[in-house]
1. Can you tell me the equivalent ellipsoid semi-axes for the range B:95-218? Use √(5λ) from the Cα gyration tensor, largest first, whole Å.
2. Under 5 Å between amide hydrogens, which residues at least 5 positions from C:E173 or on another chain qualify, with H placed 1.01 Å from N in the peptide plane?
3. Given the convex hull of the Cα atoms of the range B:170-296, what is a quarter of its surface area in nm²?
4. Where in the range B:124-151 does the label zone of B:A275 land, with the point 7 angstrom along Cα→C-beta and an amide N cut-off under 16 Å?
5. Using the scaling law 2.2 N^0.38 Å as the reference, what is the normalised Cα Rg of the range A:4-70?
6. Could you work out the per residue convex hull volume over the alpha carbons of the range B:36-129, in cubic angstrom?
7. Whole percent per 10 Å bin, from 0 to the bin with the longest distance: what is P(r) over all C-alpha pairs of the range C:1-140?
8. Once every Cα of the range C:237-363 carries one equal point scatterer and solvent is ignored, give the base-10 log of I(q)/I(0) from the Debye formula at q = 0.13, 0.16, 0.19 Å⁻¹, two decimals.
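All of the numbers you see were taken from the coordinates with simple rules; none came from a lab. A quick note: this is a predicted structure, and the numbers were derived from the prediction, not measured. As a convention, Cβ positions derive from the backbone with ideal geometry for all residues, glycine included, and neighbour counts pool all protein chains shown.
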Amino acid sequence: MSQPRCIDPEKIIPISRSTTGVFKTGTWGGHFPEYREKLSTCRGACPAGEDIPSYIALARDGDLEGAFYKIAQENPLPSVCGRVCYHPCEQDCLRRDVDEAVPIHRVERFVGDYGLDNLSFPEPIKSAGAAVAVVGSGPAGLSCAYHARRLGCDVTIFEERELLGGMMRLGIPAYRLPRAIVDRSVAMILATGIKTRSGFRLGDAGTWEELDRFDAVFLALGAQGALTPPFPGIELSGVIGGLEFLKQVNMGQRSEVKGSVVVMGGGNTAIDAARVALRLGAETTILYRRSRQEMPASAEEISDALREGAALLERALPVGVESANGDLKITCARTEAGNADESGRLSYAPLEGSEFTLTAGTLIVAVGQSVEVICGGGRPAIGPQPMTVEPFLRIAGQNYFAGGDMAPIPRRLCDAIASGKLAALSMSAMIGGLDMETIWSRVNVGRGGAFSMEEYLSGKESPSPRLKEAVTAAQIKPEWLAGSPRPEPSRLSAREAARGFDEVVGDPSPEELAASCGQCVTCGSCIGCDRCYLFCPEIAVIPPEEPGGAYSGNREYCKGCGVCAAVCPRGVITMGEGT
Amino acid sequence: MTPNTSRPQEILRSGHAACPGCGLAIGMRLVLRALGRRAVVVVVPSCVAVVTGPYPCSAMEVPVFHSAFEIAAPTAAGIANAMKVRGVNDIPVLAFAGDGGTFDIGLQSLSGAADRNEDFIYVCMDNEAYMNTGIQVSSATPQFVWTGTSPAGNTRRKKKIMEIMAAHRIPYAATACIGFPEDLMAKVEKAKGMRGTRFLHLLSPCPTGWKMAEDMSPKATLTAVETNIFPLYEIVDGLEYTINYRSKGLPVERYLALQGRYKHLGPEEIKVVQAEADRTWADLETRSHGIVSPVA
Amino acid sequence: MKKFITGNHSVAEAVRLCRTQIVAAYPITPQTPIYEKLAEWDAKKELGGMMMRVESEHSAMAACLSASLAGARTFTATSSQGLALMHEMLFFAAGCRTPVVMACVNRTLAGPWAFWSDQTDTLSERETGWIQIYCEDNQEALDSVIQAYRIAEKVLLPCMVIIEGHFISHFMEPVEVPDQELVDSFVPPVAIPNRFDVDNPGFAVPVVSQKEYFHYRQLMQEAMDYSLGIIAQVDAEFRETFGRGYSLVEAVQMEDAELALVTTATITSTARVALKRLREKGYKVGLVKIRVFRPFPVKALREILDGIPRIAVIDRNISLGREGIFCSELKAALIHSPAPHLVQGYVAGIGGTNVDPELIERIVADALARKEATDGPIIMTEES
């Protein structure tokens, strides 16, 4: 029975049943969100181009295996780097502007050790049918061998000594890098099917010829010659080069040092030598010609040395040595700063009339290394200067490549590892007739010399935006970050440390790992946190269909307010002029 | 990377008429998302009603009633009671009201409903002035703030609405804001699981009225919490206080500097604001016995 | 069964018998005994439904209309200041088309302060869209509340049943309180539309355009017109079921009347006494009781009053600046009468002052003697 309209419940009061969705508020705004992942600054600073935000996020989520293999895409030595890399990543960490840098190296160490304990590197997937030789088994050589093997090459490492490891074994003392870590790291790399030849000293009869049968050769002999300052008495016994001293101790050939020790130099070799001398029971003084702030060694190492009891005399250097009653009488001078030299550092010259004397049993001179000269005979000439190489480490006109300390790159562990990786790619490209420039534009990370092997092996046509434009401090939203103090690693006390060669810095605990990972903003990379989606007042952010996909703005409704960009702590979303 | 594969259904719809970047709209979205589809919502004259839409369009997926300005509370109570007498016990009623409709003209009816412990969730969307009608001062407007009807700066202090509600000994009262969306949604969830009068005080920034850029609402609320101007806490039964978040205790300047409505403040006035924030936090710590705990 | 009860108590009985589901009320003299009686039954669990002991009349109506929109049968009661406080809500309840039933106990409005009967409070709400029924005695009060639920729930307009403060509210009379079964047969189970369906959600009572608003107001006016028929029909059914009826308008001895005395509410019962005396004295006077004021029963009044040369209207109310409201409305209703009337308005009983049969006789005498009516009302105090 139909009712009159004036009492029909459906007609007598207004009830809205349509959706406001008919109003296309997208016409309101002049801006529109751009979803674009960016290069994290940490990765941009890492010479090896490790995908740091990814592996930290994996570790944070408990996927240590994933984290390890993520690092291993670029660097087969995370347990080593986590202990002794100078971590440029942390210096560029944007979190530094907020409170403190993420202790990336601690995460790398934890993940690396997990890998050593539980995992192995995957077998290479293809064979390139090429054979490459790697001469030298330090970090550069091992890295090159590992990556060349991944690229499908048949790899042989030639090493002069019995044991592999290069400076990791010879130069870096055990209290910084335990021997077992070196042994296991090397073994893990070799287990991918790499052949080795010990006792091979390049330059000996037949050695060049042996290398001729390879399609490409990577030279990573290091810089094992010592630079010697020209002051009188340098040849006296009791005066020893820093690296030589360390090698003797590290190889078990020396377990004591005569009398008190004076160390000349300010780099890591000098500091290592000083700390080793302390452990051998010697009263130790470090002399550096410039100021403490200008010492090339890492600040942490310098602090450790001083905590352990070394004395530091800044702006002082030996100018002459004499033998005196079985000891050394070392004449020293104060220095004053002059103009900058070609490296940009201020040059310091001895001050007239400022001489003073130190008496010591041993003088350790650690003022730099040179490349040992090896006869070429038509092959590339080696030493004492670093090798001249083309942009991708090839020696012009030859199938020889060079990297590590013998190449004109910074003499640091991570740079060495990076050069080994680059050489592997470069050799592989040469063998396969591929153009490195073309490859480089795709795989290069940021604007520096690093590249991503993972990117190369992915075979993708266009480079990932996460390799290119760096995220800026302004794009990180520190207000959304919980303040958390950077966890302090456990350490042996100075007294305990100086008693022997046990590792000074302890393993990260799971709590430390969690706290460290928790500090990472994962800047530049989208982690699917959904904040842009959640905060949009218009519900105009479209989340990805699959996890890991991109978020986008809905042009029908986006008013261009910019809230999505404002709440993205990672700087993935920025507002652009909307069209 | 943690993917988000299951998202609750959105109850707020796109196409509504809120200003771009409206903090109140974000708050409504989050509240409604946690509330879910099986609910009845009351709106009253305020920005909330404008967002909910003009005839014949609605911006909500749930049944809504647009009641009168000062009666959000008895409206919700009447609906809740009607459902009870009709034997429906599992559909919560949630009322949105602005600060005007809560602190001023609606205070009496809210007090009465709270006193009777009527069964609804009341969410005060506090943008600290009458924003729907322009920008006019309310008793929720903080001291010194510029509004159209306090152009030389508000001389009154903000009413302590949480303490007023606690004085009624309602089962649950809590502050919340969009800067802490998980906390906000957890509080709505928690309220849903209770009966009686449940009160949420949501700081809802208005870029227009607060004179800030359109993208500033989330950060403004976050900073309000971090400076102790708007701490996050709960009061159960009018007696048990729980602080939900230990703020960074940032200086109030960090908050004031974000908004043009505070830009005329001089150092003496800033000191007053700081003292107030300090006192608020100290008082809260005393009442909560120093316990800080996220929403349980 | 017959009970010797007050008008307030009578109203309460009807509310209970109609199985009202939600009562929201606030006390005000002279309404309070309605509230208290319901609360007494509620405490003994004899009421059924829920009571909301609200903190103001404004909230009482807010709660009632909201509960009504959610499909519940509701009731409230108030007077004077409380009704005035509800003013905004009365428009809202009617505009939302809620079948709320309210008992209004007439009381004068402050200032100054007084507590006795005067109809100005309810008449001031004539614009709101509520149906208004003015009762003469306790029985009619009870019966009108029962009828009100039927009417309101049929036409979906709220209905106020109006009784005079003290004269009805507090005076005791024998009242027939019907059995629950009988009332159940007359007032159906609650079938009020529920506007809040989670499975078919809509946004009820949003902002509309000018045109749309006009349209809904037009529907309300149509509903008011329609309710004239419904009120008459419900009353006729009531008469069949309960044996009593009231119509919209009652005419007493109007067949040969030369003067119609128009009254409402309790003055009507006094006028019945006066009418007897006047007839005994030979005056050809008849009585017209206006029961339903909104909608205004123009047709019914025209049928009775067409051809009656003199009409005296007694108002226990005044619209200050003009005259008694029933008088004004009646004059407007008669504007199309074929033959002109002399309509004289009298304002008496303001503030609850006594209107006795002698005063009414004086009014009739004056009305009969007039050559012409005055524009404004003649104020009839007890002394005049």
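1. Values: eigenvalues 132, 63, 22 Å².
Working through the eigenvalues yields semi-axes of 26, 18, 10 Å.
2. Counting only residues 5 or more places away or on other chains, the set is C:I5, C:T6.
3. Numbers: hull surface 31.3 nm².
That works out to 7.8 nm², a quarter of the Cα hull's surface.
4. Within reach of a label on B:A275, which here means backbone N under 16 Å from a point 7 Å along Cα→Cβ, the range B:124-151 contributes B:143-144.
5. Working: Rg = 27.4 Å, N = 67, 2.2 N^0.38 = 10.9 Å.
Rounded to two decimals, the normalised Rg is 2.52.
6. Values: hull volume 8.5 nm³, N = 94.
Spelled out: Cα convex hull of the range B:36-129, divided by residues, is 90 Å³.
7. Pair shares across the bins are 12, 45, 36, 7, 0.
8. -0.51, -0.78, -1.09
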